[in-house]
Amino acid sequence: MAKKKENSFEDSLQRLQEISDMLEKGEIGLEESIKLYEEGINLAKICFGTLKEAELKVTELKKQLEDGLKDQ
Amino acid sequence: MNEFNNILSVSELTNIIKVTLEESFSDVSIIGEISNFKAHVSGHWYFTLKDAGAQISCTMWRGVNSYVFFTPQDGMKVIVRGKITVYPPRGNYQIDVRSMKPAGAGELQAAFERLKQKLAEEGLFDPEHKQPIPKFPKKIGIVTAIDGAAFQDMKSIAARRYPLAELVIASCKVQGEGAAKEIVSAIKLLNTRDDIDVIIAGRGGGSLEDLWAFNEEIVARAIFDSKTPVISAVGHEIDFTIADFVADLRAPTPSAAMELATPNKDELFVFIDEFSYYFTEKIFEIIADYKEEISGITSSYGFRIPLDFIKSRNQYLDNVLFRFQNFFDNKILFNKNRLELLESRIQSFDTEKILRRGFALVSQEGKIVSRKEKFDKDKSTQLKFYDGEITIKHG
């Protein structure tokens, strides 16, 4: 856990769930609800786009450390 | 003194034995059960081969034993091939083993069972050691051969299901000499990083011999020691390896492992879509609720008072306007009538003046005849004088 990613896909999905829960509870005012609605729709759009445009990345990890590890 | 004719030194005798034995047994195959197996840190193997009636020491040197696809265990029946060597300083003889194979098909299975039993007793398979597999991995570590079919399968499944992920492959041999060691170092290599969310270790299908590396104790321990959760993915559905038991999750095949490690893109699309629908539906509902609340308030008695006041004033105003309207309408009508009366009087006043002077007005059938040619002798004629009218009947 070196650094928290600023906005990972998982975080976005979690936020969507939060917004959904808050709207469901209905304990917030109209203005706040509309703000959440806008945030939610925006976030959903971003998630959708991210997933649609994503391309699998493959990296090969070279074994520079292999010799050092062999003795263990 | 005869019995002491041929006196040899210990070295001379040992040397004769050495030559005799090494010449007679330069290439022998022996079947026996392994005991006291020791893999020295130098890489050499030392063990004893025995049966019910005898035993013999064996050595297998480092460069040679790396060609053995399995790690021997005590109790395992094997066939070794090699030569007898005599070690004079100790006065013992041993087999210098060149190759080794299990004595029968059941031997590997038996070895498998023994290791499984041992590791189970140590608690390596216990459920409390199982780590959860993350749902949305950013980086997936792969321990397999980069040029194998298994890796291709995993790649295409990851690309289809969850292309947001990055595959980090630590390529290694998955069968044959040194495979187990390479698998171990690949797992360790991935564990030196803290950004790998899950590791898939495996290979495609093959014979028990091909899959054997995944039955090795060192591989099992490396999986157990891995800080990163490990999914085992060896062979086909029916193949079970020691790696499967110790892994945090067992997948029947490499493809299945990738499916277990990744969420499904299509399901995620639906999931996200449902949020959009839900948000929109919900916000309309919230707005409708507020509207209802507002109309509830505005239709309450308190809010109706000013409206009623306005209505009654309106009515009053209408009344006043109506009265004004009537008043003016009547006035206009009255004046209009008067005007008409005056007009006709002015007109009649005009002709009267002329008649008074002695003229008469000739008319036929109600029309004034002002010219000779308009006069019709066959019709009756009216003559209007100042003091009255007469009618001259035709005929």
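The table below lists the values:
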item	result
Some residue of segment B:265-283 being within 11 Å of chain A (Cβ to nearest Cβ), touching a residue at least 12 places away in the same chain (Cβ under 8 Å) and not aliphatic (A, V, I, L, M)	yes
Filter result (in contact (Cβ under 8 Å) with a residue 40 or more places away in the chain, at the interface with chain A (Cβ under 7 Å from one of its Cβ atoms) and closer than 15 Å to A:Glu60 by Cβ) within segment B:159-189	none
Enumeration of residues in segment B:163-196 that are under 24 Å from A:Ala54 (Cα atoms), out of contact with any Lys or Arg (no Cβ under 6 Å at 6 or more places or on another chain) and of a type outside the set (A, V, I, L, M)	B:Pro163, B:Arg193, B:Asp194
Condition check for B:Ala180: surrounded by 19 or more Cβ atoms within 10 Å (Cβ to Cβ) and either out of contact with any Asp or Glu (no Cβ under 8 Å at 6 or more places or on another chain) or assigned to a loop (DSSP other than H, G, I, E, B) (or both)	no
Check on B:Ser363, surrounded by 13 or more Cβ atoms within 10 Å (Cβ to Cβ), assigned to a helix (DSSP H, G or I) and among the polar types (S, T, N, Q)	no
Elements of type strands (runs of 3 or more DSSP E) contained in segment B:2-117, each with 2 or more residues being closer than 19 Å to B:Gly176 by Cβ and basic (Lys, Arg)	B:92-102
Qualifying residues in segment B:81-113 (those that are open to solvent by 60 Å² or more (accessible area, probe 1.4 Å) and under 50 Å from the mean Cα position of the chain (by Cα)) - the one nearest to B:Tyr46 (Cα to Cα)	B:Lys101
Any hit, segment B:58-80, residues being surrounded by 13 or more Cβ atoms within 10 Å (Cβ to Cβ), over 30 Å from B:Ser207 (Cβ atoms) and over 53 Å from the mean Cα position of the chain (by Cα)	no
Matching residues, segment B:123-150, being hydrophobic (A, V, I, L, M, F, W, C) and free of Cβ contacts under 8 Å to residues at least 60 places away in the same chain	B:Ile142, B:Val143, B:Ala145, B:Ile146, B:Ala149
Segment B:134-177: number of residues that are of a type in the set (Lys, Arg) and part of a helix (DSSP H, G or I)	3
Residue list for segment B:151-170, restricted to those being open to solvent by 10 Å² or more (accessible area, probe 1.4 Å) and closer than 19 Å to B:Ala247 by Cα	none
Tally, over segment B:223-246, of residues that are within 14 Å of chain A (Cβ to nearest Cβ) and surrounded by fewer than 17 Cβ atoms within 10 Å (Cβ to Cβ)	2
Residues of segment B:247-303 satisfying the condition of being basic (Lys, Arg), open to solvent by less than 60 Å² (accessible area, probe 1.4 Å) and over 30 Å from B:Ile140 (Cα atoms)	B:Lys282
Odd one out for B:Ile218, checked against (1) open to solvent by 70 Å² or more (accessible area, probe 1.4 Å); (2) among the hydrophobic types (A, V, I, L, M, F, W, C); (3) more than 21 Å from B:Ala111 (Cβ to Cβ)	(3)
Enumeration of residues in segment A:18-35 that are open to solvent by less than 100 Å² (accessible area, probe 1.4 Å), assigned to a helix (DSSP H, G or I) and more than 8 Å from every other protein chain (Cβ to nearest Cβ)	A:Glu18, A:Asp21, A:Met22, A:Glu32
Pair list, Cβ under 7 Å, 6 or more apart: segment A:5-28 residue over 23 Å from B:Pro137 (Cα atoms), other residue modelled with pLDDT under 85 and open to solvent by less than 80 Å² (accessible area, probe 1.4 Å)	A:Met22/A:Ile28
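The values are calculated or read from the model by the stated rules, or taken from the named source; none is laboratory data. The structure displayed is predicted, hence computed values, not measured ones. Methodologically, a virtual Cβ is constructed for each residue, glycine included, from the backbone with ideal geometry; neighbour enumeration extends over all protein chains shown. Surface areas here come from the heavy atoms of the whole protein model, side chains and all, with no ligands, DNA or RNA. Shrake-Rupley method; radii C 1.70, N 1.55, O 1.52, S 1.80 Å.
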